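Participant: Pasting a structure here, questions to come.
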Amino acid sequence: MPLFLTEDDVARLLTMDDALRAVEEAFRQHGQGSTVNRPRTRVRVPQGILHVMAAGLPPEGVLGFKAYTAFGGTVRFHVHLYSAEDGRLLALMEADRLGQIRTGAASGVATRYLARPDASVVGIFGTGWQARSQLQAVCAVRTVREVRAYGRDPARRAAFSREMEATLGVPVRPASEPRAAVEGADIVITITTAKTPVFDGRWLAAGSHVNAAGSNFAERQEIDEATVTAARLIVVDSKEQARIECGDLIGPVSRGLLSWDQVHELGEVVAGKIPGRERAGDITLFESQGLALEDVAVAAVVYRKAVREQVGRELSL
């Protein structure tokens, strides 16, 4: 019988290290052409939106989909995980925490391949739920000695900085202005819902890496054209999905500043088909839309741990 796993179950079972391993392997398989990923689709009704995204990982023996609704400021997430051998429903799990961790893990994998090995100063824009796992993942793949956090609300960014410093054991300083978060940073993270750029790309230091993880609607734009044109290597999680919803790149492409032929997929890098960072002084950019592939890979880890540890409730279906 399939398992039902709650948010508490997922939080108990899933670690960032688990997610990093699962997401990296999923991207490797994606780069080798052995997975199936479908871009997110959105069903809009007057009161809200249903989002659906599906993927299959035959080498891992699983396929599935994530569906989530956004109504009146409330978002509800669920992942359905199936066997790729016989189509059985293996698990139904609540997936807010799962999505948070896998989004961070994708940025962590990109950082592992694209940031300088000695990168140690991080600037982050955004102080919400998703920002926490972004920092956790980056700190898991690089030895970070300082984080600078910027958000529009001074009290919130101060509270976020205190919390993350205690969690990570790394100094996390509130940045009083956007420039203070960017200048001299080796890694810059954007994880916001901004519709206009949150910093000036001319502030980026040579050799920096940018993880832009918030622009998954065509009308959103966290980074400016100066950042896009400065990047020697631009990597997305899925080019098919980026063409639909990556506001950071759709605009520059439409204005002739960038061609989709210049954009590569993270799976190609992880699989060794194209090089990641080649020169210390290059600026690199990772655009994360968030893939069903990541959800399914991480859900498989959660399911297998749940079976081993006898966590969850069996469903009579």
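Participant: Along its three principal axes, how long is the chain when you only count alpha carbons? Whole Å, largest extent first please.
Facilitator: 57, 43, 42
Participant: Any chance you could run the full-extension gain for Ala226 through Ser176? It's 0.36 nm times the residue separation minus the Cα-Cα distance, nm to one decimal.
Facilitator: Extra length available between Ala226 and Ser176 comes to 15.8 nm.
Participant: Please give the Cα centre distance for the stretch 68-97 versus the stretch 145-198, rounded to the nearest Å.
Facilitator: What the calculation gives is 31 Å, centre to centre.
Participant: Under a plain spin-label model, where a point goes 7 Å from the Cα along Cα-to-Cβ, how far apart in nm are Thr15 and Val45?
Facilitator: Distance between the two pseudo-spin positions: 4.2 nm.
Participant: Take each of the peptides 108-118, 27-37, average the number of other beta-carbon atoms within 10 Å over its residues, and list them starting from the highest.
Facilitator: 108-118, 27-37
Participant: Please express the shape of the stretch 198-317 as an equivalent ellipsoid: the semi-axes are the square roots of 5 times the eigenvalues of the C-alpha gyration tensor, given largest first in whole angstrom.
Facilitator: Three semi-axes, in Å: 34, 17, 13.
Participant: Can you compute the FRET efficiency between Ser120 and Ser316 using 1/(1 + (r/R0)^6), with r the Cβ-Cβ distance and R0 = 51 Å? Round to the nearest 0.05.
Facilitator: Once rounded, the FRET efficiency stands at 0.45.
Participant: Right, here's the next one. Taking the dipole about the Cα centre of the stretch 1-110, with the C-beta of Lys and Arg at +1 and of Asp and Glu at -1, give me whichever of Ser34, Gly56, Val45 is farthest to the positive side.
Facilitator: Most positive-ward Cα: Val45.
Participant: Using just the Cα positions, wrap the stretch 109-290 in a convex hull and report its mean projected area in square nanometres, one decimal place. If you can, show how the numbers build up before the last one.
Facilitator: On the way: hull surface 36.4 nm².
Value for the stretch 109-290: 9.1 nm².
Participant: Answer with one residue from Gly128, Leu258, Thr227: the one whose Cα lies farthest towards the positive end of the charge dipole of the stretch 109-290, charges on Cβ with Lys, Arg +1 and Asp, Glu -1.
Facilitator: Farthest towards the positive pole: Gly128.
Participant: Give the long-range amide H neighbours of Ala95: residues separated by 5 or more places, or on another chain, with amide H under 5 Å away, using H modelled in the peptide plane at 1.01 Å from N.
Facilitator: Result for Ala95 returns Phe77, His78, Val79.
Participant: Suppose each label sits 7 Å from its Cα in the direction of the beta carbon; what would the Ala159-Arg88 distance come out to in nanometres?
Facilitator: Spacing of the two 7 Å Cα→Cβ label points: 4.5 nm.
Participant: Taking the chain as a Gaussian network, where each spring joins two C-alpha atoms under 10 Å apart, which residue of Lys273, Lys195, Lys239 fluctuates the most?
Facilitator: Sorting by GNM fluctuation, first place goes to Lys273.
Here, each number is a calculation from the coordinates, and none is a lab measurement. This is a predicted model, so every value here is computed, not measured. Cβ coordinates were reconstructed from backbone atoms using ideal geometry, including for glycine residues, and neighbour counts include every protein chain displayed.
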